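A short worksheet on the structure shown next.
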Amino acid sequence: IVLRNICATDQVCQKALEFVPESYKKNVIHITTVGRMTKEKGADIALEACKELKRQGYKFCWHWIGDGNCADVTKHKIKENGLEDVFVLEGNQINPYPFIKNSDIYVQPSYYEAYSTTITEAKILHRPIVTTDVGGMRDQIEHGKNGLIVPVDALRLSQAIQVLFDDSKLREDFSH
């Protein structure tokens, strides 16, 4: 018998409706990542992908929910790369579900994972997902059917996000 991380679907859905984050009210495409800001969660990959998306001229905002030992380095790199307008550190949140629910795309840029609870939560909230190809993801995402799985590479991550930016129907299909 295999028991995956168990999520209380009704509770996740109910908590997701508690509020709309103020930072999500801008009329742009919103990306959300939830995770500790540590090396294994791939904030550096996210920033490089974000830089490429901005260079390509996309109008978006990437929200990172969580804090950790890489937060100061990440804040410095955001400023150094001029990403303050497109990469927002939302810090630790007691209730991350409204952030996921109000996003257009959920992205998990990890270097490694087990069975990801946040991917499960994003699926519960019907968000299209882009994730790096790390442990547990192929158990949760079928590439091209309910999300996109890419190698652990910032350029490939940004290209997958661009696919979803450019194809609202695919985002909708993945959401179902």
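Please compute the net charge surrounding Val86, taking Lys and Arg as +1 and Asp and Glu as -1 over other residues with Cβ under 12 Å from its Cβ.
Cβ neighbours under 12 Å give a net charge of +2.
Taking all protein chains as present, what is the carbon and sulfur share of the accessible area of the range 1-88, in % to the nearest whole number, probe 1.4 Å?
Using a 1.4 Å probe with all protein chains present, the range 1-88 comes out at 52 percent carbon and sulfur.
What is the calculated FRET efficiency for Gln56 to Asn146, with r their C-beta to C-beta distance and R₀ = 25 Å, to the nearest 0.05?
It comes to 0.50.
For the pair Lys79 and Lys39, how long in nm is the line joining their label points, each one 7 Å along Cα→Cβ?
2.4
Over the Cα atoms of the range 56-156, what is the Rg over Rh ratio if Rh follows Kirkwood?
0.95
For Asn69, what charge total do you get from the other residues with a beta carbon under 12 Å from its beta carbon, if Lys and Arg give +1 and Asp and Glu give -1?
That works out to 0.
Please find the FRET efficiency linking Val163 to His126, where r is the Cβ-Cβ separation and R0 is fixed at 22 Å, and quote it to the nearest 0.05.
For R0 = 22 Å, the calculated efficiency reads 0.75.
So for the pair Asn69, Tyr112, with labels modelled 7 Å out along Cα→Cβ, what separation do we get in nm?
1.5
Extension gain Asn95-Glu22, at 0.36 nm per residue separation less the Cα-Cα distance, in nm?
That works out to 24.9 nm of additional length.
Which of the peptides 25-33, 77-85, 97-105, 129-137 is most tightly packed, and how do the rest follow, going by the mean number of other Cβ atoms within 10 Å of each residue?
The packing order, highest mean first, is 97-105, 129-137, 25-33, 77-85.
Going through the DSSP H helices of the chain, which span 20 Å or more along their own axis at the Cα atoms while scoring at least 0.5 as a mean Kyte-Doolittle hydropathy?
The answer is none, since no helix passes both cut-offs.
Can you tally the net charge around Ser175? Count Lys and Arg as +1, Asp and Glu as -1, for every other residue whose Cβ sits under 10 Å from the Cβ of Ser175.
Taking every other residue near Ser175 into account, the sum is 0.
Quick one: ranking Val152, Val107 by accessible area, 1.4 Å probe, largest first, what do you get?
Greatest to least solvent exposure: Val152, Val107.
Taking the Cα centre as origin and putting +1 on Lys and Arg beta-carbons and -1 on Asp and Glu beta-carbons, what dipole magnitude results for the chain, to the nearest 20 debye?
Using Cβ point charges on Lys, Arg, Asp and Glu, the chain gives about 120 debye.
Rg to Rh for the chain: what is it, with Cα atoms only and Rh by Kirkwood?
That ratio equals 0.93.
Which whole-number value in Å² is the accessible area per residue of the range 90-176, probe 1.4 Å?
With the other protein chains kept in place, the range 90-176 gives 43 Å² per residue.
Whenever you get a sec, line up Arg127, Arg36, Arg55 from highest to lowest accessible area (probe 1.4 Å, protein heavy atoms).
Arg55, Arg36, Arg127
Once you sort the root eigenvalues of the Cα gyration tensor of the range 1-53 as a ≥ b ≥ c, which label holds: rounded (a/c under 1.5), prolate (a/b larger than b/c) or oblate (the other case)?
oblate
The values are calculated or read from the model by the stated rules, or taken from the named source; none is laboratory data. Every value quoted in this text rests on a predicted model; they were computed, and no experiment measured them. Backbone-built Cβ (ideal geometry, glycine too); neighbour counts: all protein chains shown. Note: accessible area is taken over every heavy atom of the protein model, side chains too, but ligands, DNA and RNA are not part of it. Shrake-Rupley method; radii C 1.70, N 1.55, O 1.52, S 1.80 Å.
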